[in-house]
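Peer 1: I have a structure I would like to understand better, so I am pasting it below and will then ask my questions one at a time.
Just so you know, all these numbers are worked out from the coordinates, no wet-lab data involved. Worth saying up front: this structure is predicted, and the values here are computed from it rather than measured. Cβ atoms come from the backbone with ideal geometry, glycine included; neighbour counts cover every protein chain shown.
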Amino acid sequence: MGRILVVEDERVSALLMKRVLAKAGHDVVGVVSSGEEAVTTALGLRPDVIVIDMNLSGSMDGIEAIEAIENHLKASVICISGHFEDALLKKIGSTDSCSTYITKPFSEDEFIMHVETALRQKR
C-alpha cells in the first residue's frame with residue numbers, strides 16, 4: 001500500500017481522511033494543517049501521495065505548497081476543495097503534480113478510488 005501525507009486545516013476532515021486511509025491499509029505518514037508544514041513534511045518523509053486542501057489557512061495555500069514540493073519531490077497529488085471553481089481548476093492545471101481534483105463532501109469509496117489511482121500513476 002501507499003505512504004500518504006494529508007494536508008488539511010479542518011481537523012475533523014483530516015482525522016476522517018486519516019481513518020479512512022488507515023482502514024484501507026495505507027500508511028498515513030503525517031497529517032499537517034498548513035502549506036509550510038506540507039512542504040517541510042513532504043520533503044522529509046517523501047510520501048507516495050499527498051492529499052492536500054487547496055484553501056489552507058496561513059500564508060501558503062495548497063497550490064503554492066504543491067509548487068514548492070514539486071521542485072524537489074515527485075509525488076502524486078490529490079487536490080481537495082470545498083468549492084468547484086473554474087479559476088481554481090486553471091490554477092491546479094498549471095502544476096504538474098496534481099493528479100486529480102475532488103470536491104467536498106466525498107464518499108469514502110470515492111476518496112479511496114482516487115488514492116489508488118494516484119498510487120498507480122506514481123508507480
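Peer 1: Within the set of other residues whose C-beta is less than 13 Å from the C-beta of VAL32, count the net charge using Lys and Arg as +1 and Asp and Glu as -1.
Peer 2: Here the count lands on -4.
Peer 1: Tell me the Rg and the Dmax, in Å, that the Cα atoms of region 1-73 produce.
Peer 2: My reading of the Cα-based Rg and Dmax gives 11.3, 33 Å.
Peer 1: In a shell of Cβ-Cβ distance under 11 Å around ILE102, excluding ILE102 itself, what net charge do Lys and Arg (+1) and Asp and Glu (-1) give?
Peer 2: -1
Peer 1: Lysine pairs in the chain with alpha-carbon atoms under 25 Å apart, 8 or more places apart or on different chains: how many are there?
Peer 2: Taking the chain as the scope, the lysine pair count is 13.
Peer 1: Taking the Cα atoms of region 1-40 alone, what are Rg (to one decimal) and Dmax (as a whole number) in Å?
Peer 2: In Å, with Rg to one decimal and Dmax whole: 9.9, 28.
Peer 1: If I model a spin label at ASP27 and GLU110 as a point 7 Å from the Cα along the Cα→Cβ vector, what separation in nanometres do I get?
Peer 2: 3.0 nm
Peer 1: Fully extended, how many nm does the chain gain between ARG46 and LEU16 (0.36 nm per residue separation, minus their Cα-Cα distance)?
Peer 2: Full-extension gain reported as 8.6 nm.
Peer 1: Same structure, new question: If you add up the charges near LEU15, with Lys and Arg at +1 and Asp and Glu at -1, over every other residue whose beta carbon is less than 13 angstrom from its beta carbon, what do you get?
Peer 2: Local net charge: +1.
Peer 1: Further, regarding this structure: Normalised by the number of residues in the chain, what is the relative contact order in percent for Cα pairs under 8 Å and 6+ residues apart?
Peer 2: 24 percent
Peer 1: Next question. Taking amide H positions as placed 1.01 Å from N in the peptide plane, with prolines and chain starts having none, which residues 5 or more places from GLY2, or on another chain, fall under 5 Å of its amide H?
Peer 2: Residues meeting the amide H criterion: ASP27.
Peer 1: Let me ask something additional. How long are the semi-axes of the equivalent ellipsoid of the chain, taking √(5λ) for every eigenvalue λ of the Cα gyration tensor, in whole Å from largest down?
Peer 2: Over the Cα atoms of the chain, the semi-axes work out to 18, 16, 15 Å.
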